[in-house]
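Since the structure comes first, as structure tokens, the remarks are kept for the end.
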Amino acid sequence: TLINSWEGFDTLKLAAELHAEIGSPTGILAQTVDIVMCRFDILGGLRVSKRRFSKFLVSLEAEYGMPDYHTAVHAADVVQTVGFMLSEGLYDQISDLHAFALVVAAAAHD
């Protein structure tokens with residue numbers, strides 16, 4: 001998918017598409033995190049409940065609100081960057097726990 005591409009993923013475009021489709025970019029952070037987590041089966045490796053983690057992501061995304069820059073769209077962009085780094089070999093050098101912590105930190109960094 002484009003999320004695994006450094007040049008092919010456009011967070012702002014995806015947010016605009018979500019806004020056109022459902023009237024809001026809500027879900028962009030959860031979707032981006034889900035794609036990265038699933039690509040490496042990080043949750044399965046840690047036996048984390050996908051349902052519970054999804055609820056956490058919805059709550060996290062709601063906390064971002066709509067400031068000028070530090071939004072869920074920005075966080076999704078940072079998560080995509082981490083996902084790209086994982087796909088370029090970082091994942092092979094760290095544990096699932098470290099990968100989980102890295103993705104969650106990217107999602108919640110603001």
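Using heavy-atom solvent-accessible surface (probe 1.4 Å) with all chains present, what is the largest-first order of TYR91, TYR69?
So, going from the largest accessible area down, we get TYR69, TYR91.
Report the full-extension gain for the segment GLU17 to GLU88: residue separation times 0.36 nm, less the Cα-Cα distance, to one decimal in nm.
Full extension from GLU17 to GLU88 adds 22.8 nm.
Output the 0 to 90 degree angle, nearest 10, between the alpha-carbon long axis of helix 50-64 and the longest principal axis computed from the alpha carbons of the chain.
Its long axis makes an angle of about 40 degrees.
With every protein chain kept in place and ligands, DNA and RNA left out, what is the accessible area per residue of the chain? Probe 1.4 Å, answer in Å².
Per residue, the chain has an accessible area of 60 Å².
Would you mind checking the tilt of helix 11-22 against the longest principal axis of the Cα atoms of the chain, expressed as 0 to 90 degrees and rounded to 10?
60 degrees
Leaving out ligands, DNA and RNA, what percent of the accessible area of the chain is carbon and sulfur, probe 1.4 Å? Could you put the intermediate results ahead of the total?
Working: 3760 of 6570 Å².
Carbon and sulfur together cover 57 percent of it.
Compare the peptides 9-20, 99-110 by average per-residue count of other Cβ atoms within 10 angstrom and give them in order, highest first.
In descending order of packing, they fall as 99-110, 9-20.
Determine the relative contact order of segment 16-110: mean sequence separation of Cα pairs under 8 Å and six or more apart, normalised by residue count, in whole percent.
Reported as a whole number, the value is 35 percent.
The values are calculated or read from the model by the stated rules, or taken from the named source; none is laboratory data. Since the model is a prediction, treat every value here as computed from it, not as a measurement. Glycine gets a Cβ as well: all are built from the backbone with ideal geometry, and neighbour counts include every protein chain shown. We work out accessible area using only protein heavy atoms, side chains counted, and drop any ligands, DNA or RNA first. Shrake-Rupley method; radii C 1.70, N 1.55, O 1.52, S 1.80 Å.
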